[in-house]
Amino acid sequence: MEHVDRCVVLVDAGYLLGAAASLLAGEPARSRITVDHAALIQGLRERAEADTEQPLLRIYWFDGAPDRVPQPEHRRLRVMSRVTVRLGALTRSDGRWAQKGVDAAMHAELTELARNRACSDVVLVTGDGDLLPGLMSAKEHGVAVHLWAVQAADGDYNQSEDLVAEADERRVLDRAWITKAVRAKDFGGVCAPPPVPRPEIAAILSAPLPESALAASAERAAEAQATSARNGTAPPATEHAPGHDHGPEVAHPAPPGGKGVPTPKDLAALRAPGPQASPPPPANATLRWSSDRGWVERAGGGGQLGEPPETASLPTLAQLTSAEQRWADREEDITTVGGDPFEVGQVFARRWMERLPEASHVQKLSTMYPRIPHRIDGEVLRYAARFGLLAHKDDQIDEHDRYAIRAGFWREIDVRAAADRPSTAE
């Protein structure tokens with residue numbers, strides 16, 4: 001029985017995306033890149049058909065996932081035309097994530113395709129030498145094996161030398177090809193100039209802080225500079241502030257004018273007895289570290305952050321969504337929402353506004369910019385986490401991504417609020 005004249009692509013996602021992250025962001029962490037999976041799959045298909053001169057049968061996407069549970073990117077991939085997702089386990093050891101069973105699954109699939117003469121050409125996107133026996137078996141069954149590499153950041157090999165030697169054809173996916181579907185989240189290195197920041201994000205970052213907190217922050221910065229001068233060491237370049245409920249300790253960009261974001265130490269200093277540069281906040285107040293930036297009154301003595309009556313009445317998206325709408329939302333998330341942080345914020349805001357029983361809620365919220373009510377803000381970030389925006393090392397959303405999510409939310413709110421305002425005749 002002769003082979004069917006068509007090609008199959010087997011992709012080791014860990015290799016492809018890890019090598020792309022190394023190339024574009026300087027380290028192999030996939031949390032450092034954003035992937036347009038639809039564009040990536042289309043690019044793989046076109047390149048495979050051009051290189052093999054055969055029509056595509058299927059692209060197999062091999063990846064790891066915690067407990068082999070499909071992640072948002074896997075759910076998007078497996079509904080795409082001619083794509084089959086195969087998942088191995090993703091385990092964490094000593095703070096690092098590792099795939100288990102992916103190479104074995106690729107070996108089994110490659111061997112089975114060759115044995116059944118399902119194709120004439122196989123494209124392998126991998127660097128793992130453990131796949132060598134499968135590659136040799138496919139060749140023995142008369143299948144032409146094409147091995148693709150991702151351009152190495154240092155110009156060296158990032159594939160097994162034995163794989164390279166045994167492949168029938170070899171190609172390199174260079175930077176120009178990779179960047180059609182992959183971009184680095186943090187360009188702070190040698191790869192590319194930083195992207196121009198969105199004005200919406202800049203506006204949120206520059207939102208005014210309370211004068212009392214600013215005074216404490218400035219006093220603390222002066223003390224740190226004086227201490228550094230005495231010790232002969234350079235002062236720290238950034239303040240660090242833990243994200244309230246949502247983020248780890250991260251470097252927070254300073255607002256215009258050089259004023260840093262107040263830290264918990266500033267808060268403690270304001271509450272401490274003794275002479276202060278500014279009056280302390282109310283005894284029942286705390287500093288909100290999410291999208292709210294300033295003092296927020298506590299409700300009673302229960303320890304929960306209170307909200308003013310005008311925002312406490314705003315319903316959450318979960319309260320506004322029926323079972324049928326939830327199913328439709330899930331389908332839209334899988335098939336059409338790309339996962340860009342700004343876009344995610346827009347999608348959430350659009351759904352929330354469309355389901356509000358009263359249009360006045362939008363106008364009420366729009367007057368609070370740049371603050372998002374705590375309950376809704378948490379719901380926005382939980383929704384964003386479905387799109388793989390969590391960094392594997394700390395299971396938190398990147399600081400810049402959080403600002404982009406909220407900026408997208410506010411852009412959609414602003415458009416709707418402007419449309420709802422009554423127009424005045426000239």
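The values are calculated or read from the model by the stated rules, or taken from the named source; none is laboratory data. Model, not experiment: these values are computed from the prediction. With ideal geometry, Cβ positions are generated from the backbone for all residues, glycine too; neighbour counts draw on all protein chains shown.
Residues that are modelled with pLDDT of 85 or more, in the same structural domain as residue 400 (by TED's automatic domain parsing), more than 13 Å from residue 406 (Cα to Cα) and not β-branched (Val, Ile, Thr) occur at least once in segment 329-341.
Among residues of segment 94-123 that are more than 19 Å from residue 59 (Cβ to Cβ), those with a Cβ under 9 angstrom from a residue that is of a type in the set (Ser, Thr, Tyr), sequence gap 6+ or separate chain, pair up as 97/91; 98/91; 100/91; 115/137. Total residues in segment 1-24 satisfying the condition of being of a type in the set (Gly, Ala, Ser) and modelled with pLDDT under 90: the figure is 0. Please specify each residue of segment 27-53 satisfying the condition of being touching a helix residue (DSSP H, G or I) at 6+ places or on another chain (Cβ under 8 Å), assigned to a loop (DSSP other than H, G, I, E, B) and more than 21 Å from residue 89 (Cα to Cα). Across segment 27-53, the qualifying residue is only 27. If you filter segment 77-88 down to residues that are outside any loop (DSSP other than H, G, I, E, B) and farther than 16 Å from residue 107 by Cα, you find that the one that is modelled with the lowest pLDDT is 78. In summary, residue 49 fulfils each of the numbered conditions (1) in contact with a Pro (Cβ under 8 Å, 6 or more places away or on another chain); (2) in contact (Cβ under 8 Å) with a residue 60 or more places away in the chain with the single exception of condition (2). Of all residues in segment 58-76, those that are in a strand (DSSP E or B) and either more than 28 Å from residue 333 (Cβ to Cβ) or out of contact with any strand residue (DSSP E or B) (no Cβ under 9 Å at 6 or more places or on another chain) (or both) total 0.
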